[in-house]
Amino acid sequence: MKQELEEQLYNKYPKLFKQRKLPMTQTAMCFGLECGSGWFDIVDRMCSLIQGHIDQSRSSAFYAKEYNRVLRQAINGNDRNLRFRYKKFGHKDEVIEEYVKRDIENKPFRQPFREVAPQVEFTQIKEKFGTLRAYITGGDEYCHGIISMAVSMSAITCEECGMPGKQRGGGWIMTLCDNCEEARKTRKFK
Ligand SMILES: [Zn+2]
């Protein structure tokens, strides 16, 4: 992938690409993104969904913990923080009164929306047999699902220019659009 596009992704998702600075004895990410620039959008969307998922799982756990803390305080006789919490969300005083009373009565302690997924780090991103390959540490099933989707999109997207493409045979399998396939016959890519 073009250097400037790689840099864009590294800057946008520093946590996902943390391993790019590690030596090759520890990661394959040090070789950069070993695929064509036409897959930039696919890699970008994949990263966005994965990091978004990780961040969301953390904030959901954080808010549940925060709520449980102020609810416990309220049950023990100090409802100041619980009131303040509802006020922060823009509720009117009379409604807050009702909510606080209801919470103290029902004790609706919260579970995080989902388990906190460990931060994902890519260990390798490359092209193989005409499709994208992405290997990670961390994450959960959702993250692997996103990678599967990215791989399947790469199989119908020109690796050179990003237009709709299909797999081309020959000694070296590539996914290309008609124009780039024509160009490949007259010059070498990469
Ligand atoms: Zn193309």
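The values are calculated or read from the model by the stated rules, or taken from the named source; none is laboratory data. All of these numbers come straight from a predicted model, not from anything done at the bench. Please note: Cβ atoms are built from the backbone with ideal geometry, for glycine as well, and neighbour counts cover all protein chains shown.
Brief remarks follow.
- Answer residue from the stretch 38-61, given it is surrounded by fewer than 17 Cβ atoms within 10 Å (Cβ to Cβ) and among the hydroxyl-bearing types (Ser, Thr, Tyr) and is nearest to residue 114 (Cα to Cα) among those: 59
- For the stretch 92-146, a residue qualifies if it is surrounded by 15 or more Cβ atoms within 10 Å (Cβ to Cβ), farther than 22 Å from residue 76 by Cβ and over 29 Å from the mean Cα position of the chain (by Cα), but none of them does.
- For the stretch 148-188, a residue qualifies if it is more than 12 Å from the ligand (Cβ to nearest atom), over 25 Å from the mean Cα position of the chain (by Cα) and in contact (Cβ under 8 Å) with a residue 40 or more places away in the chain, and exactly one does: 173.
- Verdict on residue 161 being within 18 Å of residue 44 (Cα to Cα), outside the structural domain of residue 1 (by TED's automatic domain parsing) and not in a strand (DSSP E or B): yes
- Among (1) touching a Leu at 6+ places or on another chain (Cβ under 9 Å); (2) under 30 Å from residue 55 (Cα atoms), the one test that residue 115 misses: (1)
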